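Take a look at the structure set out below.
A short reminder: the numbers here are calculations on the coordinates, not readings from a lab. These numbers were taken from a predicted model, which means no experiment stands behind them. Ideal geometry is used to build each Cβ from the backbone, glycine not excepted, and the neighbour counts take in all protein chains shown.
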Amino acid sequence: MRPGRGPVPRRRYGQFPTTADVGIWARGRSPEALFEALGLGLYALLTDRRTIREREERRVAARAVDLPGLVVGFLTELVVRQQVDGFLARRIQIDFAPGPPASIDARLFGEPFDPARHPAKVEVKAITFHRLEFDPARGRARVIVDI
């Protein structure tokens, strides 16, 4: 425990190496928490999330016949929002419906990319199904991102 600050919270997302691409892992106690952590992990690939301010709210939605399809659809929506509008999110709120079809309605809180404040890290080309894992019962998810 850190003196006067309480316990250090466990990270909910991170990266793992893959051949020529990068992976995002996430932990969470619910499907909503896993989707949120995967989204935040994606934004952490793009820039330093600590530099993003919550100035605007945007919404994205995704629908799919299964959970792997929903993961890819949701993260693809985030990539498109970033590529088209330059929007980066610091915080994400998820409304998840298991379906069928499974769906997500997400609220993104952030701002457009500002090169003076947001360091550009990597360019994400696509979200893949390759070795995708989404397991709410075990509280973990993994996805490989094509960069």
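Sorting R29, R140, R50 by the number of Cβ atoms found within 10 Å of their own Cβ, with the fewest placed first, yields R50, R29, R140. Averaging 1/r over every pair of different alpha carbons in the range 24-146 and inverting the result gives a Kirkwood radius of 14.3 Å.
Residue order for H118, H130, fewest other beta carbons within 10 angstrom first, comes to H130, H118. Going from the fewest other Cβ atoms within 10 Å to the most, the residues L38, L67 appear in the order L67, L38.
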